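Asks: Can you keep this structure in mind? I'll have questions shortly.
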Amino acid sequence: MSQVPQPDTFTALNKHQYANLFTYRKNGEAIKTPIWFALKNGKFYVVTTKNSGKVKRIRNNGRVMIGPSDARGNPRGETIEARARVLGPDEVEIAKIALDEKYGLMKAVFEFFITMRGVERDWVEIAPA
């Protein structure tokens with residue numbers, strides 16, 4: 001079920017550790033991905049592997065759905081419509097700060113290992129539809 005988000009909807013979603021992000025293939029098929037996310041200034045921020053499937057789908061179509069989940073993607077609440085875009089290099093700082101504030105040491109450890117492996121990242125902003 002989807003709905004247009006109300007101002008508190010994004011805030012209520014931020015109480016969760018994980019969310020399902022639905023992005024859309026060119027043929028319209030929705031692809032669900034459990035993600036970490038953080039809310040800052042009324043928008044969600046996500047970090048992912050550079051040029052991952054979800055990044056490619058967002059670049060093609062910014063329409064997404066987001067809803068709370070557990071780490072395995074089992075829904076934990078209502079899914080809402082939103083708009084996503086990949087941030088440019090000069091815009092990523094707000095996303096980094098938001099995720100650092102929410103996940104702290106857990107994110108720092110994750111980032112350390114990702115950086116050691118040489119994995120490049122993209123940062124995504126998700127706003128109410």
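Asks: If you check 105, 99, which single one turns out to be over 24 Å from residue 51 (Cβ atoms) and not β-branched (Val, Ile, Thr)?
Replies: Going through 105, 99 in turn, the sole match is 105.
Asks: Closer than 19 Å to residue 111 by Cβ and touching a residue at least 40 places away in the same chain (Cβ under 8 Å): is that true of residue 49 in this structure?
Replies: Yes, satisfied.
Asks: Let me ask something else. Residue 64 passes all but one of (1) free of Cβ contacts under 8 Å to residues at least 12 places away in the same chain; (2) surrounded by 13 or more Cβ atoms within 10 Å (Cβ to Cβ); (3) more than 14 Å from residue 36 (Cβ to Cβ); which number fails?
Replies: It is condition (1) that residue 64 fails.
Asks: Could you please let me know if residue 52 is over 14 Å from residue 13 (Cβ atoms), surrounded by 13 or more Cβ atoms within 10 Å (Cβ to Cβ), modelled with pLDDT of 90 or more and hydroxyl-bearing (Ser, Thr, Tyr)?
Replies: Considered against the rule, which asks whether it is over 14 Å from residue 13 (Cβ atoms), surrounded by 13 or more Cβ atoms within 10 Å (Cβ to Cβ), modelled with pLDDT of 90 or more and hydroxyl-bearing (Ser, Thr, Tyr), residue 52 comes out as yes.
Asks: Okay, next question. Name the single residue that is modelled with the lowest pLDDT among those in segment 74-110 being assigned to a helix (DSSP H, G or I) and small (Gly, Ala, Ser).
Replies: 108
The values are calculated or read from the model by the stated rules, or taken from the named source; none is laboratory data. In this text the structure is predicted, and so the values were computed from the model without any measurement. Glycine gets a Cβ as well: all are built from the backbone with ideal geometry, and neighbour counts include every protein chain shown.
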